[in-house]
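A quick write-up on the structure given underneath.
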């Protein structure tokens, strides 16, 4: 297995244990993370997001597969199953991840999943009816950013 594939496996193995420090150790200090909810997190803010998600994900179950990588790029599929704390609803999110590497670390991490599918599970009827609308998706992003800001302030990150 390529060293960068092993790095991806280490990242998700740490995530499955809710070990944010282990995840962050796989990241380059200048990492750039993006997904449909957190579209632009850089450096320590990306690490803070993982710290927050690991701390809140008390019932998180994570499975990953299809890990491939070469010297420059990698990818993986992963599934996170958890209770969305804001609504108490169960979510099973299927994610396609892509990576870029520098200095033996992950410098770019992009997760892709349908935000409307996620909102139907996480938000229930509101998500089913309105989750496809850009203003609702914008509100999800805004609420997530505010939650991350509060977490960073509370934990001095």
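The values are calculated or read from the model by the stated rules, or taken from the named source; none is laboratory data. Keep in mind that this is a model prediction, so the values were computed, not measured. Glycine also receives a Cβ, built like all others from the backbone with ideal geometry; neighbour counts cover every protein chain displayed.
Couple of notes before you dig in:
- Filtered by the rule that a residue be touching a strand residue (DSSP E or B) at 6+ places or on another chain (Cβ under 8 Å), crowded, with 19+ Cβ neighbours inside 10 Å and part of a helix (DSSP H, G or I), the stretch 13-41 gives a lone residue, 15.
- Among the residues of the stretch 42-57, just one is in contact (Cβ under 8 Å) with a residue 24 or more places away in the chain and outside any helix (DSSP H, G or I), namely 57.
- Unique match (being at pLDDT below 95, within 13 Å of the chain's Cα centre (by Cα) and at negative phi) among 62, 53: 53
- Pairs with Cβ under 7 Å, 6+ apart, first in the stretch 1-23 and free of Cβ contacts under 8 Å to residues at least 40 places away in the same chain, second in a loop (DSSP other than H, G, I, E, B): 10/26
- The stretch 122-146 - residue that is in contact with a helix residue (DSSP H, G or I) (Cβ under 7 Å, 6 or more places away or on another chain) and buried (at least 17 other Cβ atoms within 10 Å of the Cβ) and, of those, modelled with the lowest pLDDT: 131
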